[in-house]
Amino acid sequence: MSSTTHSPWWRSAVIYQVYIRSFADGDGDGVGDIAGLRSRLPYLKSLGVDALWINPWYKSPMADGGYDVADFRAIDPLFGTVADAEQLIAEAHEHGIRIIPDIVPNHTSDEHAWFQAALDAGPGSPERERYVFRPGRGPDGAAPPNNWVSCFGGPAWTRLPDGDWYLHLYAPEQPDLNWQHPDVHAEFESILRFWFDRGVDGFRIDVAHGLAKDPELPDLPPRPDTAHGQPLHHAQHPHWDRDEVHDIYRAWRKVADEFDGDRAFVAEAWADTPERLAAYVRPGGLHTAFNFDFLMASWDPKDLRTVIDDSLAMLSGVSAPATWVLSNHDVMRHTSRYARKTVARWVPNQRYQPEGTVDLDLGTRRARAAALLMLALPGGAYVYQGDELGLPEVEDLPESVLEDPIWERSGHTDRGRDGCRVPIPWSGQAAPFGFSPEDAYAAPWLPQPANWKQLTVEAQTGDETSMLELYRTALRLRRENPALGDGTMTWLDAPAGVLAFRRDAGFVCVVNLSGEAYQLPDHSSVLLASGPIEDGVLTTDQAAWLTV
Ligand code: NOJ
């Protein structure tokens with residue numbers, strides 16, 4: 001894994017997201033862990049991914065699935081130990097797979113030693129300065145310091161018995177750190193070094209756009225109208241995507257550059273415009289950022305083309321590669337998103353509530369086409385565990401099993417994100433579908449639907465029509481074909497509703513989003529198609545890779 005001077009791995013990588021609690025359970029407690037992940041490395045190797053992004057595995061009381069970290073230098077006992085993590089990193093490297101853990105710098109757990117010290121030390125203490133503590137407003141300080149709201153619902157402030165309020169942009173168990181404090185900078189740079197020393201290849205940065213807050217903590221202005229497609233203007237926002245945040249990442253870049261082997265960051269940054277997103281990946285800043293515009297786009301040729309063009313234009317201006325992603329652990333799985341006849345465009349900061357009948361055959365057909373589109377675009381791509389199996393969202397989980405804090409914080413009006421976090425079905429005819437070992441003493445932490453027996457890795461392996469074999473073939477072709485990954489693309493003339501583009505060396509990708517059958521352009525071979533092609537005709541919601 002030596003560094004290459006022209007095109008480092010992260011410019012083209014296909015990165016597989018491991019939501020560790022739901023990937024593979026090694027010790028039989030019904031929760032995925034490092035032992036389970038290690039046992040499945042051969043599967044990931046045969047799938048053909050370049051790297052794994054692993055959701056937080058640190059010591060945590062799990063108020064938000066591990067995004068509430070109590071100790072960044074320890075692995076939670078649910079998942080294993082630091083020695084297990086080191087072993088995983090070594091074994092993954094032997095398979096030629098890189099490892100990118102999550103890092104959560106916006107907040108800690110309320111059980112983190114710093115927050116506990118802040119609670120003990122009381123109002124006005126230096127310990128409280130590492131977080132955002134303030135007195136309240138109103139005669140008794142009984143009103144929160146400002147009108148900020150938690151992303152999980154309700155106010156972003158909680159009051160302590162001693163009268164002080166503390167800020168949490170997420171759950172009350174996730175107090176926000178104060179990034180104007182030098183201790184916070186020093187501590188995170190030290191945590192990065194701790195894990196880089198153990199061989200990780202980079203980090204996915206959680207809420208990368210949230211660290212810098214306006215020191216005055218002003219009220220949020222009245223919310224601009226998003227209902228008509230107007231962007232929210234984050235540039236002057238008191239806590240999202242502020243310009244100062246980039247100073248932090250310039251320092252982190254220097255830390256990454258101290259280590260050999262092309263260590264790389266990917267930012268989870270929500271920005272209003274491709275320009276503001278591109279600012280995260282300017283030279284000297286982070287390497288890549290998730291491109292959520294692609295994930296939020298509707299299944300509509302104009303919308304997709306605009307997103308692709310705008311993303312590539314902005315990123316090439318700063319010489320950064322694009323990333324493409326269809327699903328992750330925070331959003332409805334795209335097989336289900338695309339299963340409604342009309343796929344609504346997702347509006348950031350608003351709950352996604354698709355309407356209409358769910359037709360999973362339709363969703364699966366589109367998901368297959370979307371995979372070929374995504375994997376043919378210039379840059380890197382993310383595959384969320386289960387995308388390769390075509391797993392749908394589990395939309396009917398019983399309320400009694402829901403764990404996402406959104407469910408409680410929304411007063412039971414929003415079921416939250418558990419439906420995309422159901423444990424992976426590996427084999428067999430009944431739950432736990434090989435997720436846990438045969439002698440497991442607990443059921444999977446979320447119940448798997450009985451009809452997932454058709455979607456197990458075992459059931460799909462060797463079935464040429466399966467989603468799994470489509471992904472395997474696409475990833476193999478992508479590795480073999482120098483036209484794919486980093487580079488440029490050129491749109492080709494095509495009828496309305498058909499997206500057709502060329503990559504170098506005679507590679508063409510065609511996606512038919514029109515209601516009409518489309519006769520493929522002249523080509524020498526069909527490398528791969530998302531569905532059967534007869535007489536050179538691409539039907540609606542089909543995609544093909546061609547050589548010309
Ligand atoms: C974004 C993560 O993807 C999400 O799962 C988490 O709840 C929030 N950040 C808070 O850390």
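The values are calculated or read from the model by the stated rules, or taken from the named source; none is laboratory data. These figures come from a predicted structure and were not determined experimentally. Neighbour counts run over all protein chains shown; Cβ positions are idealised from the backbone, glycine included.
Just give me the residues in segment 28-43 being under 16 Å from R476 (Cβ atoms) and in contact with a helix residue (DSSP H, G or I) (Cβ under 8 Å, 6 or more places away or on another chain), in sequence order. Quick ask: steps written out before the conclusion?
Taking segment 28-43 first, the residues under 16 Å from R476 (Cβ atoms) are 42-43.
Once the filter is applied, which keeps residues that are under 16 Å from R476 (Cβ atoms) and in contact with a helix residue (DSSP H, G or I) (Cβ under 8 Å, 6 or more places away or on another chain), segment 28-43 yields only Y43.
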Subject >> Residue, surrounded by the most Cβ atoms within 10 Å (Cβ to Cβ), within segment 80-110, restricted to residues that are closer than 15 Å to R21 by Cα and within 16 Å of the ligand (Cβ to nearest atom) >> reply: P101
Original post:
Residues Y338, Y384: which one is touching a residue at least 12 places away in the same chain (Cβ under 8 Å), aromatic (F, W, Y) and more than 16 Å from the ligand (Cβ to nearest atom)?
Top reply: Y338
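Count, please, the residues in segment 291-324 that happen to be within 16 Å of the ligand (Cβ to nearest atom) and crowded, with 22+ Cβ neighbours inside 10 Å.
The first filter runs over segment 291-324 and keeps only residues within 16 Å of the ligand (Cβ to nearest atom), leaving 291-292, 295-296, 323.
Now restrict to residues that are crowded, with 22+ Cβ neighbours inside 10 Å: 291, 323.
Here the count works out to 2.
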Subject >> A208, sole failed condition from (1) surrounded by 20 or more Cβ atoms within 10 Å (Cβ to Cβ); (2) closer than 24 Å to G411 by Cα >> reply: (2)
Subject >> Single unsatisfied condition, S298 versus (1) small (G, A, S); (2) assigned to a helix (DSSP H, G or I); (3) modelled with pLDDT under 95 >> reply: (2)
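For segment 446-467, name all the residues that are surrounded by fewer than 21 Cβ atoms within 10 Å (Cβ to Cβ) and under 23 Å from the mean Cα position of the chain (by Cα).
Taking segment 446-467 and keeping what is surrounded by fewer than 21 Cβ atoms within 10 Å (Cβ to Cβ), we get 446-447, 449-451, 453-454, 457-459, 461-466.
Scanning segment 446-467 gives L446, P447, V457.
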**OP:** Could you list, in sequence order, all residues of segment 32-69 that are hydrophobic (A, V, I, L, M, F, W, C), in a helix (DSSP H, G or I) and surrounded by 23 or more Cβ atoms within 10 Å (Cβ to Cβ)?
**Re:** I34, L37
Subject >> Every residue from segment 501-534 that is under 30 Å from T342 (Cβ atoms) and acidic (D, E) >> reply: E516, E534
Original post:
Of the residues in segment 308-341, how many are part of a loop (DSSP other than H, G, I, E, B) and of a type in the set (D, E)?
Top reply: 1
Original post:
Residues in segment 472-496 that are surrounded by fewer than 17 Cβ atoms within 10 Å (Cβ to Cβ), acidic (D, E) and over 15 Å from V511 (Cα atoms): how many?
Top reply: 1
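Kindly indicate which of G124, G136 is away from the ligand (no atom under 16 Å from the Cβ), buried (at least 16 other Cβ atoms within 10 Å of the Cβ), over 18 Å from V245 (Cβ atoms) and free of Cβ contacts under 8 Å to residues at least 40 places away in the same chain.
G136
Consider L160 carefully, then state whether it is more than 16 Å from the ligand (Cβ to nearest atom), surrounded by fewer than 22 Cβ atoms within 10 Å (Cβ to Cβ), over 23 Å from H239 (Cα atoms) and not acidic (D, E).
Numbers: more than 16 Å from the ligand (Cβ to nearest atom): yes; surrounded by fewer than 22 Cβ atoms within 10 Å (Cβ to Cβ): yes; over 23 Å from H239 (Cα atoms): no; not acidic (D, E): yes.
When the stated conditions are applied, L160 does not pass them.
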Original post:
Counting only residues that are in contact with a Leu (Cβ under 9 Å, 6 or more places away or on another chain) and under 23 Å from S22 (Cα atoms), which one in segment 316-333 is modelled with the lowest pLDDT?
Top reply: V331
Subject >> Within segment 142-198, tally of residues that are touching a helix residue (DSSP H, G or I) at 6+ places or on another chain (Cβ under 7 Å), in contact (Cβ under 8 Å) with a residue 60 or more places away in the chain, assigned to a loop (DSSP other than H, G, I, E, B) and of a type outside the set (A, V, I, L, M, F, W, C) >> reply: 5
Subject >> Breaking point among (1) closer than 15 Å to G317 by Cα; (2) at pLDDT 95 or above, for E275 >> reply: (2)
**OP:** Report, ordered by the first and then the second residue, all pairs with beta carbons closer than 8 Å, sequence separation of six or more or different chains, a first member in segment 43-57 that is under 18 Å from S22 (Cα atoms) and hydroxyl-bearing (S, T, Y), and a second member that is at pLDDT 95 or above and away from the ligand (no atom under 14 Å from the Cβ).
**Re:** Y43/V457
**OP:** State yes or no: is F196 of a type in the set (F, W, Y), at pLDDT 95 or above and either surrounded by 16 or more Cβ atoms within 10 Å (Cβ to Cβ) or not assigned by TED's automatic domain parsing to the domain that holds D71 (or both)?
**Re:** yes
Subject >> Qualifying residues in segment 44-79 (those that are within 16 Å of the ligand (Cβ to nearest atom) and β-branched (V, I, T)) - the one nearest to P405 (Cα to Cα) >> reply: V69
